[in-house]
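Q: Right, I'll just put the structure down here and ask away after.
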Amino acid sequence: MAKTESRMLPLGTPAPDFALPDTVSGRTVGLDQVAGDKGTLVMFICNHCPFVKHVLDELVRLGRDYRDSGIGMVAISSNDVTGYPQDRPERMKELAESAGFEFPYLFDESQNTARAYDAACTPDFYVFDGQRKLVYRGQLDDSRPGNGIPATGKDVRAALDALLNGKPVAGEQKPSIGCNIKWRSG
């Protein structure tokens, strides 16, 4: 299980736009459709990564807990599906439906969206404020597969709650750690 850290896009960066297919509805979904008026959580995940599997239940809880709060949420998979067929769109749809995602699960086949966000690993988390400026990037919490710490979403939840309460997001932010995004060769 190779560990890759997120690259920590500079705070204040505007949210890069995207238009990607939602694996559940089949519709093309863009940033305008998922952005919340109070903030937006963009998550780079995939089906097969043990780090994502470890926090999957917490991602579902996040979706439920913040559904009607003014926070928009979206998950994006950018992995090369040739080498990782378990991350294909039909498998993404199966996971989203079986887990009960309350947010779209988009497929970034070109990998351009992952590049625009400077995403490096799965999971990788980005929180933007109501003006779509980056206020948090990094880990969900301190939980990792095998470390005995339960997945609570503590770090992402603190950023989202700060936005909802009109408070600044803490400046000390730890990079996420997970599997590297599986980039296409050539």
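Q: Here is a check on your reading of the model: is residue 61 more than 22 Å from residue 32 (Cα to Cα), of a type outside the set (A, V, I, L, M) and either surrounded by fewer than 21 Cβ atoms within 10 Å (Cβ to Cβ) or in contact with a strand residue (DSSP E or B) (Cβ under 6 Å, 6 or more places away or on another chain) (or both)?
A: Values: more than 22 Å from residue 32 (Cα to Cα): yes; of a type outside the set (A, V, I, L, M): yes; either surrounded by fewer than 21 Cβ atoms within 10 Å (Cβ to Cβ) or in contact with a strand residue (DSSP E or B) (Cβ under 6 Å, 6 or more places away or on another chain) (or both): yes.
Here the answer is yes, as residue 61 does meet what is asked.
Q: Checking residue 44 against (1) surrounded by 14 or more Cβ atoms within 10 Å (Cβ to Cβ); (2) more than 24 Å from residue 175 (Cα to Cα), which test does it fail?
A: The one condition residue 44 does not meet is (2).
Q: Which strands (runs of 3 or more DSSP E) sit wholly inside the stretch 70-186 and have at least 2 residues that are aliphatic (A, V, I, L, M)? Break it down into steps so the answer makes sense when it comes.
A: Values: elements: 71-77, 105-107, 124-129, 134-138, 177-180.
In the stretch 70-186, 71-77, 134-138 are the strands (runs of 3 or more DSSP E) which contain 2 or more residues that are aliphatic (A, V, I, L, M).
Q: Which of (1) surrounded by 20 or more Cβ atoms within 10 Å (Cβ to Cβ); (2) among the small types (Gly, Ala, Ser); (3) farther than 23 Å from residue 162 by Cβ does residue 6 not meet, given it meets every other one?
A: The number of the failed condition is (3).
Q: What pairs can you find where one residue is in the stretch 40-51 and more than 17 Å from residue 144 (Cβ to Cβ), the other is of a type in the set (D, E, K, R) and in a loop (DSSP other than H, G, I, E, B), and their Cβ atoms are less than 8 Å apart, with a gap of 6+ or different chains?
A: Qualifying pairs under 8 Å: 40/132.
Q: Could you please tell me which pairs satisfy a Cβ distance under 9 Å, a separation of 6+ or placement on different chains, a first residue in the stretch 96-108 that is farther than 18 Å from residue 71 by Cβ and at pLDDT 95 or above, and a second residue that is among the hydroxyl-bearing types (Ser, Thr, Tyr) and buried (at least 21 other Cβ atoms within 10 Å of the Cβ)?
A: 96/23; 96/105; 107/23; 107/77; 107/78; 108/77; 108/78
Q: Here's something else I'd like to know. For the stretch 20-51, give me each residue that is part of a helix (DSSP H, G or I) and farther than 20 Å from residue 130 by Cα. Show your work before the answer.
A: First, the residues of the stretch 20-51 that are part of a helix (DSSP H, G or I): 31-34, 50-51.
50, 51, listed by residue number.
For (1) out of contact with any Leu (no Cβ under 8 Å at 6 or more places or on another chain); (2) crowded, with 21+ Cβ neighbours inside 10 Å; (3) closer than 15 Å to residue 36 by Cα; (4) in contact (Cβ under 8 Å) with a residue 40 or more places away in the chain, each residue gets a yes or a no:
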residue: 124; (1), (2), (3), (4): yes, yes, no, yes
residue: 146; (1), (2), (3), (4): yes, no, no, no
residue: 161; (1), (2), (3), (4): yes, no, yes, no
residue: 166; (1), (2), (3), (4): yes, no, yes, no
residue: 169; (1), (2), (3), (4): no, no, no, yes
residue: 177; (1), (2), (3), (4): yes, no, no, yes
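The values are calculated or read from the model by the stated rules, or taken from the named source; none is laboratory data. If you're wondering where the values come from, they're calculated on a predicted model, not measured in any experiment. Positions of Cβ are backbone-derived with ideal geometry, glycine not excepted, and every protein chain shown enters the neighbour counts.
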